[in-house]
Structures are given as structure tokens and as C-alpha cells.
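**Q** This is the structure I have questions about; it appears just below.
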Amino acid sequence: MNLSYKALAAAVLSVAAAGAQAQVQAPTKMYAEIGYAAIGLDATDGTDTLKASPGALTGVFGYQLHPNLAVEGFLGLGLTKDEIELNGAPSGVNAKINNAYGFFIKPGFKVSEGVELFARLGYLRTKLSVSAGGVSVSDTDTSAAYGVGVNLNLTKTSYLQANWTSYYKDDGAKAQGVALAYGMRF
């Protein structure tokens, strides 16, 4: 009779342990972010300097490979255009980032339970348009891209993010800026 109580107790403990294990969720590995980026466009040609600040809607879909390393797909869609300044004076020509897409490798580390610092290194293809008087010209180019940022956890599955990213840099032209985003882990 003592043996049957031990067997029953072992069975109850096994079922309870299995139930507790089922309630422990594995850490989420996928995440998505949506945000707004204020992008500064700068180009220098000899003594002439061009500047504009269009805005873009950004989206990221990421997968956490390791607690300190993720891979990300990136998509940026132009929301606003801005008038180009030529040597500090209005030019009457507008600039807009039509789209940008590519990928990043994202190393990072937790400073605390609520704060994570990260860097991004990747490659983007960007399409830029300039327009004036109903005429528009666009160009597409690719470049290495990189940035740094911080995630501030709101809950275990959501966070706010601030980042600085260099989207494009080549031949005296660059596109870089700051972004604010909302992220969800799932």
C-alpha cells in the first residue's frame, strides 16, 4: 500500500511538472517594427552643396538568432518631400525618397531589463526622386548602411525605439537620419 501512494505521488508530481513546463513560454524570436524617419539628404559637387530633409515610413521584420544577434529585413517608403536648398538658398526643386529596402545584421546587448543598445550593419537599395514644375526624375542606387539605436521595453512583447541610420553614402552624396519606431515581439 505504501508503494501505491508513492506511485500516485510520483504520477501527480509528473503531471504537475509537465503542466508547469507547458506554461513556460520559449523566448520570442521574431519581431516587427514600424516607425518614422527624418532623413537628411546632403550632396556636394565641387563648391555646390545640396540639402533636403524628406520623411519616410519605416518597417522592419527581424529574427533573433542569438540573444545578442539578429537579422532584419528593412523597408522604407517615402511619406514627405522637402525642397532642396542649393548653397543654403531655396531651389524650387523637391526631393523625396520613394523607397528603400534591404537587410541588416543587428548585434546588441541588454543594459538592463528595460533597455537594449544595438548597432546595425547592412545593405540597402534606395530610390530617390527630384521634381519641379511637374517634371520628375528618379534614380536608384545601392550602398552599405549602418546605424545605432536603443530599445526601451514597454512590456515583455512591446518596445519603443530611437535610432540613427546612414541609409546611403557614395560619391559625395549621403542619406542619414533619426527614426522613432514601435516594435512588437511575437
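**Q** Go ahead and collect, in residue order, the members of the range 49-67 whose backbone nitrogen is under 19 Å from a label point 7 Å along the Cα-Cβ direction of T80.
**A** 51-59
**Q** Taking +1 at the Cβ of each Lys and Arg and -1 at the Cβ of each Asp and Glu, which of F109, L41, G59 sits farthest along the dipole of the chain towards its positive end, judged by Cα position relative to the Cα centre?
**A** After comparing all options, I get F109.
**Q** Relative to a virtual label point 7 Å from the Cα of N87 in the Cα→beta-carbon direction, which members of the range 32-60 show backbone nitrogen distances below 15 Å?
**A** Once the point is set 7 Å along Cα→Cβ of N87, 44-51 turn out to lie under 15 Å by backbone N, inside the range 32-60.
**Q** Using helices alone, I'd like the mean residue ellipticity at 222 nm for the chain: each DSSP H run of four-plus residues gives -39500 (n - 2.57), total over residue count, nearest 500.
**A** The per-residue figure over the chain is -4000 deg cm²/dmol.
**Q** With label points built 7 Å along Cα→Cβ from the Cα atoms of V148 and S112, find their separation and express it in nm.
**A** Here the answer is 2.0 nm between the modelled labels.
**Q** Oh, and also: Take the Cα of L121, step 7 Å along the line toward its Cβ, and report every residue of the range 41-76 whose backbone nitrogen sits under 16 Å from that point.
**A** Output list for this probe position: 68-72.
**Q** Cβ neighbours within 10 Å, averaged per peptide: list 96-104, 133-141 in order, most packed at the top.
**A** Values: 96-104: 20.1, 133-141: 9.9.
Output ranking for 96-104, 133-141: 96-104, 133-141.
**Q** Among residues other than N98 whose Cβ falls under 13 Å from its Cβ, what is the net charge (Lys/Arg +1, Asp/Glu -1)?
**A** +2
**Q** At a threshold of 8 angstrom on Cα-Cα distance, excluding pairs fewer than six apart, so keeping six or more, what relative contact order does the chain reach in percent?
**A** This gives 19 percent for the chain.
**Q** Sort out for me the Cα centre separation of the range 72-115 from the range 155-186, rounded to whole Å.
**A** 7 Å
**Q** Moving on. Got a sec to turn the phi values of the range 160-176 into Karplus ³J(HN,Hα) couplings, 6.51 cos²θ - 1.76 cosθ + 1.60 with θ = phi - 60°, whole Hz, x for Gly and Pro?
**A** Once θ is set to phi - 60°, the couplings for the range 160-176 become 9, 9, 10, 8, 10, 9, 9, 7, 7, 7, 5, 6, x, 10, 8, 10, 8 Hz.
**Q** Okay, next question. Order the peptides 60-68, 165-173 from the highest to the lowest mean number of other Cβ atoms within 10 Å of their residues.
**A** For the peptides 60-68, 165-173, the packing ranking is 165-173, 60-68.
**Q** Right, here's the next one. So how compact is the range 51-117: Cα radius of gyration and Dmax in angstrom?
**A** Rg and Dmax of the range 51-117, Cα atoms, are 17.3, 49 Å.
**Q** Still on this model: If every alpha-carbon in the chain counts as one equal scatterer, what log10 I(q)/I(0) does Debye give at q = 0.09 1/Å?
**A** -0.44
**Q** Taking the Cα atoms only, what angle lies between the long axis of helix 2-23 and the longest principal axis of the chain, rounded to 10 degrees?
**A** 10 degrees
**Q** Please report, in debye to the nearest 20, how large the charge dipole of the range 27-185 is about its Cα centre when each Lys and Arg carries +1 at its beta carbon and each Asp and Glu carries -1 there.
**A** That gives a dipole near 680 debye.
Laboratory data are not the source of any read-out in this text; all were calculated from the coordinates shown. Predicted model only: the values in this text are computed from it and were never measured. Cβ atoms come from the backbone with ideal geometry, glycine included; neighbour counts cover every protein chain shown.
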